[in-house]
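**Student:** Pasting a structure here, questions to come.
Derivation of every value follows stated rules applied to the coordinates shown; laboratory data play no part. Owing to the predicted nature of the structure, the values given are computational and were not obtained by experimental measurement. Neighbour counts are summed over all protein chains in view; Cβ atoms, including those assigned to glycine, are modelled from backbone coordinates with ideal geometry.
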Amino acid sequence: MSEQKLTATPGQTIGPFYGYALPFDKDNQLLPPGMPGSIRLQGTVTDGAGDTIPDALLEIWQADADGNIPQRTGSLVRDGYTFTGWGRTAVDNTGNYTFTTVNPGPTEAGSAPFISFVIFARGLLNKLHTRMYLPDDEEALARDPLLSSLPEERRRTLIAAREADGGLRWNICLQGEDETVFLTYPGA
Amino acid sequence: MEMEEDLFSNSHVIEKLDAAEASQDQISAEIASVHAEYSKGVDDGAAEETQPRIDFSPYRSSLLRHPTKDPHHVDPETIELWSPAFGHQDVHALESDLTIQHNGEPMGERIIVRGRILDGDGHPVRNQLVEIWQANSAGRYIHKRDQHPAPLDPNFTGVGRCITTDDGFYEFTTIKPGPYPWKNHYNAWRPAHIHFSLFGTDFTQRMITQMYFPGDPLFALDPIYQSITDSKARDRLVATYDHNITSHEWATGYNWDIVLTGSNRTWMEDEDAE
């Protein structure tokens, strides 16, 4: 990997008025609800006072159930058949988000499957990256290089809970005691 | 106005009133203080900043919404080294012209905005999605929460998309947006801007930013623009008037190039060939 030769353009807040621009039909359905293998992934986004925020936009990007990285076009048209691995949703007025998706498989043998998240919000001056890990394979979680580099109370902020219906629940906390671990990458 | 009713119904309403308590002088003094501290730090050998501060109290909405812990450094893995793929089935060629989406011509100064998207190593970002949104020429968005009493334009929605070319170029035809008031403080006005949403070749490069217009008198007063403490970094968000992009008896032209962070994926020889 080479050192960055050009200086990156600064990010800016998504602002309050993206609501008519970025959301698109079925943006939070990586596959149709009710399709065999589909699960609900949901949670809330909260601020430093513990209040849910109504004006965040989340995007996810993930492998398919077999751990393959999709490289198919069609995310904005949602034909109902093609798994493109990418989804976007605005949180609702009470700070909740929902995706319909599949459990990603491990992309390498024995690795801990995760979903990559990026968070935008009014009041948030730049994007935030993070990962949501599946809770099921505890051995893989214990081996994961990122998770094992975090203290226990921080590590748990990246691991989703499995719900009775097979879905996943994962809350994002922008600030405070339960603040989610956010990530930065080389070259950023 | 069926179109707008539909758009309004899909917009979120945020009822909480922002407290427009601080004066511009107070906000400007806070901005000046953060900038002075930054400049002193650079003079003393601190690194130059290239991104906005996420903890920037003159922008009041950032107070409870910025992480307080440093981001965790991590090497990107597998899925993060790729971006979603978009194609011409996702975006119609006409979506890059925001002036032809309705039955008539929108009001305002017609402009062409063109530029190149490069990654940090200088490679063009090819065949990736670019999305823009903006206020109309009167400074009004089609959004329930935008209650600024400036006219809506029935011929302007303010949303565009395109896919970058093989050389990494994007181009939009649109209307120059107007400045508009907001409630961060008393008499707060945003400089005219167009929001841009961009993807690179890696998901780690995903970004949203704002393009501004040269010479805007509101720059110094705006806490969102000034959240970028370094003037060289701020300048990177300002487009350049370009008479070669200006089109005879049709539109004025602006150039704005965008640089994403570097790709962490191994660059293939054939991808590098131009």
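**Student:** Across segment A:160-168, in residue order, what do the Karplus-derived ³J(HN,Hα) couplings come to in whole Hz, using 6.51 cos²θ - 1.76 cosθ + 1.60 with θ = phi - 60° and x for Gly and Pro?
**Tutor:** 6, 9, 8, 8, 4, 7, x, x, 10
**Student:** A follow-up question, please. Peptide B:95-108: average number of partner chain Cβ atoms within 10 Å per residue? Don't skip to the answer; put the middle values down first.
**Tutor:** Working: counts 0, 0, 0, 0, 0, 0, 0, 0, 0, 0, 0, 0, 0, 0.
Per-residue shielding by partner chains comes out at 0.
**Student:** Follow-up. Scan chain A and report its longest stretch carrying no chymotrypsin sites (Phe, Trp or Tyr not before Pro) that are both in a DSSP loop and have at most 15 other Cβ atoms within 10 Å.
**Tutor:** The longest uninterrupted stretch comes out as A:82-188.
**Student:** Further, regarding this structure: With point charges of +1 on the Cβ of Lys and Arg and -1 on the Cβ of Asp and Glu, referenced to the Cα centre of the protein assembly as shown, which listed residue (B:96, A:83, B:164) lies farthest in the positive direction of the dipole?
**Tutor:** Positive-end residue among those listed: B:96.
**Student:** Mind running the shape call on segment B:51-96? Use the C-alpha gyration tensor, a ≥ b ≥ c as the square roots of the eigenvalues: rounded below 1.5 for a/c, prolate if a/b tops b/c, oblate otherwise.
**Tutor:** Cα axes put segment B:51-96 in the oblate bin.
**Student:** According to the square roots a ≥ b ≥ c of the eigenvalues of the Cα gyration tensor, what is the shape class of segment B:149-212, taking rounded for a/c under 1.5, prolate for a/b larger than b/c otherwise, and oblate for the remainder? Provide the component values of the computation, followed by the final result.
**Tutor:** On the way: a/c = 3.07, a/b = 1.63, b/c = 1.89.
Judged from the Cα gyration tensor, segment B:149-212 comes out oblate (a/c at least 1.5, b/c at or above a/b).
**Student:** Here is a follow-up. Looking only at Cα atoms, what is the convex hull volume of chain B per residue, in Å³?
**Tutor:** Here the figure is 170 Å³ per residue.
**Student:** When you have a sec, figure out the Kirkwood radius of segment A:1-108 from all distinct Cα pair distances and drop it here in Å to one decimal?
**Tutor:** One decimal place: 15.7 Å for the Kirkwood radius.
**Student:** Now for a different question. Starting from the Kirkwood radius over alpha-carbon pairs of segment B:129-274, derive D by Stokes-Einstein at 4 °C in a medium of 1.567 mPa s and give it in µm² s⁻¹.
**Tutor:** After rounding, the answer is 75 µm²/s.
**Student:** Next up: Positive end of the dipole of chain B, charges at C-beta (+1 Lys, Arg; -1 Asp, Glu), about the Cα centre: which of B:201, B:112, B:218 has its Cα farthest in that direction?
**Tutor:** Working it through, the farthest residue towards the positive pole turns out to be B:218.
**Student:** Go from 0 up to the bin containing the longest alpha carbon distance in segment B:94-206, width 10 Å each, and give me the % of pairs per bin.
**Tutor:** 14, 40, 28, 17, 1
**Student:** Residues of B:56-64, mean number of Cβ from any other protein chain within 10 Å of their own Cβ, rounded to a whole number?
**Tutor:** The shielding value for this peptide is 4.
**Student:** Considering amide H positions built from the backbone, and no H for Pro or chain starts, which residues 5 or more places from residue A:159, or on another chain, come under 5 Å of its amide H?
**Tutor:** A:133
**Student:** Mind checking which of A:124, A:106, A:158 is farthest towards the positive end of segment A:81-188's charge dipole, using Cβ charges of +1 (Lys, Arg) and -1 (Asp, Glu) about the Cα centre?
**Tutor:** Looking along the dipole axis, the top candidate is A:124.
**Student:** What ranking do A:153, B:249 get, fewest neighbouring Cβ atoms within 10 angstrom at the top?
**Tutor:** B:249, A:153
**Student:** Which residue, A:109, A:161, A:21, has the most motion in a Gaussian network model of chain A that connects Cα atoms within less than 10 Å?
**Tutor:** A:21
**Student:** Please compute, for the alpha-carbon atoms of the protein assembly as shown, the extent along each of the three principal axes and give them in descending order in Å.
**Tutor:** Dimensions of the protein assembly as shown along the principal axes of its Cα atoms: 63, 49, 48 Å.
**Student:** Give the average, rounded to an integer, of partner chain Cβ atoms located within 10 angstrom of each Cβ in B:155-167.
**Tutor:** 1
**Student:** Given the -39500 (n - 2.57) contribution per DSSP H run of 4+ residues, what per-residue ellipticity at 222 nm results for chain A, rounded to the nearest 500 deg cm²/dmol?
**Tutor:** -1500 deg cm²/dmol
**Student:** Follow-up. What dipole magnitude, in Debye to the nearest 20, does the protein assembly as shown give about its Cα centre under +1 on Lys/Arg Cβ and -1 on Asp/Glu Cβ?
**Tutor:** Roughly 800 debye for the protein assembly as shown.
**Student:** To continue, here is another question. Cα gyration tensor of segment A:126-167, axes a ≥ b ≥ c as square roots of the eigenvalues: rounded (a/c below 1.5), prolate (a/b > b/c) or oblate?
**Tutor:** Oblate, because a/c is 1.5 or more while a/b does not exceed b/c.
**Student:** Between B:262, B:41, B:200, which gets the highest mean-square fluctuation from a Gaussian network model of chain B, Cα cutoff 10 Å?
**Tutor:** B:41
**Student:** Further question: For an R0 of 30 angstrom, estimate the FRET efficiency from the Cβ-Cβ distance between residue B:232 and residue B:23 and round to the nearest 0.05.
**Tutor:** 0.55
**Student:** With all pairs of different alpha carbon atoms counted, what Kirkwood hydrodynamic radius in Å does segment B:79-126 show?
**Tutor:** 14.3 Å
**Student:** Among A:107, A:13, A:44, which one shows the biggest mean-square fluctuation in a GNM of chain A, springs joining Cα atoms closer than 10 Å?
**Tutor:** A:13
**Student:** Based solely on C-alpha atoms, express the radius of gyration and the Dmax of chain A in angstrom.
**Tutor:** When restricted to Cα atoms, chain A yields Rg and Dmax of 16.6, 49 Å.
**Student:** Distance between the C-alpha centers of segment A:6-75 and segment A:99-158? Whole Å please.
**Tutor:** 15 Å
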